[in-house]
1. Anything in the stretch B:144-173 that is assigned to a loop (DSSP other than H, G, I, E, B) and under 12 Å from the mean Cα position of the chain (by Cα)? List them, or say none.
2. Hey, among A:96, A:4, A:45, which residue is within 14 Å of another protein chain (Cβ to nearest Cβ) and assigned to a loop (DSSP other than H, G, I, E, B)?
3. Give the residue that is farthest from the other protein chains (Cβ to nearest Cβ), with candidates limited to residues of the stretch A:131-150 that are over 26 Å from residue B:111 (Cα atoms) and within 14 Å of the chain's Cα centre (by Cα).
4. All but one of (1) under 26 Å from residue A:255 (Cα atoms); (2) outside any helix (DSSP H, G or I); (3) away from chain B (no Cβ under 14 Å) hold for residue A:56; state the number of the condition that does not hold.
5. Of the conditions (1) in a helix (DSSP H, G or I); (2) farther than 24 Å from residue A:21 by Cβ; (3) without any contact (Cβ under 8 Å) to a residue 60 or more places away in the chain; (4) within 14 Å of chain A (Cβ to nearest Cβ), residue B:120 clears all except one; give me its number.
6. Being in contact (Cβ under 8 Å) with a residue 60 or more places away in the chain, more than 20 Å from residue A:149 (Cα to Cα) and surrounded by fewer than 24 Cβ atoms within 10 Å (Cβ to Cβ) is the filter here; which residues of the stretch A:36-60 pass it?
7. Give the residue that is surrounded by the most Cβ atoms within 10 Å (Cβ to Cβ), with candidates limited to residues of the stretch A:66-93 that are more than 16 Å from the chain's Cα centre (by Cα), away from chain B (no Cβ under 14 Å) and outside any helix (DSSP H, G or I).
8. If you scan the stretch B:94-117, which residues turn out to be more than 18 Å from residue B:164 (Cβ to Cβ), surrounded by 15 or more Cβ atoms within 10 Å (Cβ to Cβ) and touching a residue at least 24 places away in the same chain (Cβ under 8 Å)?
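Here, each number is a calculation from the coordinates, and none is a lab measurement. All values derive from a computational prediction rather than experimental measurement. All Cβ positions, even for glycine, are placed from backbone atoms using ideal geometry, and neighbour counts span all protein chains on display.
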């Protein structure tokens, strides 16, 4: 990927800001998501909650299913590949996906190496639970970051933890003396130039969304107030009682995340939220995949 | 001092804000009806997803007041999705929004993200400016009252009709302030006319 292409890919993420990216498994769901105001959809065969329930190996979705969703909506379409599975990524690039999510939600294909994302023309988004992970993924070519949270749980605690940690680490890097950055880069196992960018700009060099556990408009607004630039909602919408209504409410909550009055209005009468799993009940911590 | 509102429902609105601040213009983020006040000298409709912004404009009761303000001469600048919101006709979408500008656009006319590109081209008589096209629309037809300000591969990429300026590219993601300066001068004119009244 040349520098210009990388800039274009980072720019696409900027256009998604302030928006909600929704997991969808069918053409019908994709249309519901688009009509509800999703700024992009993530096409996958099973949403994280069902992946969790089913167990077994979870892989890239059938390209035919992804293509059907591409044909059905006008907004960007993303899809997931397993961590390190660069051939799945080549396949998604071949069908002109708008964004690839190298995702811990699927079973990792490689327990050491991530995909060399600089070899691709299509953009990648990757998960991170701290600043070190985020900068390592960016160094590998990710054009967008999302906090990992804990997918498929409907429990916001881990997304909060990861977003707070990243923001706190950013504030700490900003406060360092410039000559202290070399040591910080060594300890965090990240390239110096990326750390210097954080030091000078007080933010990641790419757009940062929140993901993993958002189930309500209040959850989405919480992540925005904590510094997310947008929100991924996986299981939270289509595992709830009234997906359309909930999707619309979460979109509005992200646009007006600082207005409690509006948040109160759109939190009312949404029906059942997804049941969810508490942090202590989780058998499998997906966030621990890929560091 | 000028005050320009930036629709901040979704998309790259902060980038517009940063460029306007470089030009010493005050900005207001428009997220709900109470943000859209009388004293604005201009309005930017940013890049993002037109389907998202259009929907939220209606939901948050912003559609009608903004439409009225544009019809009454408020300078408005639409980039990419913003241009789609202003277009009279959209070739590949049945949903239309403000429809105040005599242009016909085609959404995602250059394809998906792999079709996104960057060029440098001349903008009116203001020299060469960088232009970033992200899943960009294309202006396929313009009315006779529309002035074409920039062209790429025989299609207009920047146009003006009265108080409305559109680009199918994103000047807000570059360091170049040419096009924003042009818009600010439109807003200045509007501001001065209003003061005389």
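1. Within the stretch B:144-173, the first condition is being assigned to a loop (DSSP other than H, G, I, E, B), and the residues that meet it are B:144-146, B:153-154, B:162-163, B:168-170.
Hits for the stretch B:144-173 are B:163, B:168, B:169, B:170.
2. Values: A:4 fails: assigned to a loop (DSSP other than H, G, I, E, B); A:45 fails: within 14 Å of another protein chain (Cβ to nearest Cβ).
It is A:96.
3. So the residue we want is A:150.
4. Exception for residue A:56: condition (1).
5. Looking at each condition in turn, residue B:120 falls short on (1).
6. A:36
7. So the residue we want is A:85.
8. Correct list: B:106, B:107, B:108, B:109, B:110.
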